[in-house]
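Working notes, structure below.
We did not get these values from a lab; they are worked out from the coordinates using the rules stated. Computed from a predicted structure; not experimentally measured. With ideal geometry, Cβ positions are generated from the backbone for all residues, glycine too; neighbour counts draw on all protein chains shown.
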Amino acid sequence: MQACRSAGLARGLGAVTLPWLWGSCRRSLSLVCAGSAPRAGDWRPSAGLGSRARRLSLSAATIVNSAPRPLQPYLRLMRLDKPIGTWLLYLPCTWSISLAAEPGCFPDWYMLSLFGTGAVLMRGAGCTINDMWDRDYDKKVARTANRPIAAGDISTLQSFVFLGGQLTLALGVLLCLNYYSIALGASSLLLVITYPLMKRITYWPQLVLGLTFNWGALLGWSAIKGSCDPSVCLPLYFSGIMWTLIYDTIYAHQDKRDDALIGLKSTALRFSENTKQWLSGFSLAMLGALGLVGVTCEQTLPYYTALAAVGAHLTRQIHTLDIHRPEDCWDKFASNRTLGLILFLGIVLGNLWKEKKTEETKKTIGSRLEN
């Protein structure tokens, strides 16, 4: 076990040289992204006597606004100023990678950083594709009218070239994995491309988003183990899909009036006043699937403690949700980063607990043999 830890730490030191953006997943060991919303992560020093209070912000939005002006539209097109989506894409990867770690070992730090980099790139590519498809719709919605393509800051040709650059870099990350994972990761591109069209043809685009955003639950495990174990990966993937249905339905309630006017569909419009009942059902399904994952992986007390905390978080989130207040919907949506981090921490500690449990068992057996 000690050798296992040493190996993990050694790889962790090597991984530090990769691009990490700590500070805001969603997303914790090597979580990539800074801040969750423009106001999250701000650091505000107290005002000194006799001087005006000045705000120093370390938020992602401030970093983007501080970048060279020609670069800013592209950073906003990637949503680097609102990286909560990157956390939500990245966190299922961290769950899977951590579950695949050997008992008593930390998760593979190199893989965590690699998947973090991939999450930034693929979330950016997904947003670029979404804005290219939706440029005419975005102009008609107040919240999205200032997006770079809709606002005319970036042309369609420029966005297409930028998309090619992001996908090329993401391919470079994918090629660092084993052959099985390369094929599995490449197969998700169809979902990434077609998801933005779903809101035109079905009231369940959030389900397709769930299939897309939680692909990392499959990919993380295969990157460590060489292939997917259906008994673990499928319940984990299912739980992630349920989670996406929860948080993205809440998110969609921000735009339901505009969506109804311009003919776009969503689960927010489908569920309407029954939203809380649907979200409660999704929550139970998510927790049940995660419980099955814990049993299959022989998880320990910290994991189930985290699972209880996740259940409490979901209960409070749904109970206090006001679907008619967009600002409350945003706050509840963004709080899911905390939920994902709680589960990640529970998996890591639960896996480390396995070593303690094993050592205690060995001591008990040894004591009995001596007697």
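Please turn the phi angles of the range 327-339 into ³J(HN,Hα) values with the Karplus equation 6.51 cos²θ - 1.76 cosθ + 1.60 (θ = phi - 60°), one per residue in order, whole Hz, x for glycine and proline.
After applying 6.51 cos²θ - 1.76 cosθ + 1.60, I find 5, 5, 4, 5, 4, 5, 4, 5, 5, 5, 4, 4, 4 Hz.
Distance cut-off 20 Å, Cα to Cα: go down the list LYS139/LYS265; LYS256/LYS276; LYS139/LYS256; LYS139/LYS332 and report the pairs above it.
With Cα atoms farther than 20 Å apart: LYS139/LYS332.
Fewest first, what order do TRP243, TRP133 take by the number of other Cβ atoms within 10 Å?
TRP133, TRP243
So how do ARG76, ARG123, ARG200 line up by other beta-carbon neighbours within 10 Å, fewest first?
Numbers: ARG76 23, ARG123 28, ARG200 13.
Ordered from fewest to most neighbouring Cβ atoms within 10 Å, ARG76, ARG123, ARG200 come out as ARG200, ARG76, ARG123.
Return the ratio Rg/(2.2 N^0.38 Å) for the range 111-156, where Rg is computed over Cα atoms only. Let's see the in-between values first.
Values: Rg = 13.1 Å, N = 46, 2.2 N^0.38 = 9.4 Å.
It is 1.39.
Where does each of LEU197, LEU245 land when they are ranked from fewest to most other beta-carbon atoms within 10 angstrom?
So the residues, fewest neighbours to most, are LEU197, LEU245.
Roughly how many Å is it from the Cα centre of the range 239-254 to that of the range 83-153, as a whole number?
Here the answer is 15 Å between Cα centres.
Starting from the 7 Å offset along Cα-to-Cβ, what nm value, one decimal, do you get for the label separation of ASN274 and ALA312?
3.2
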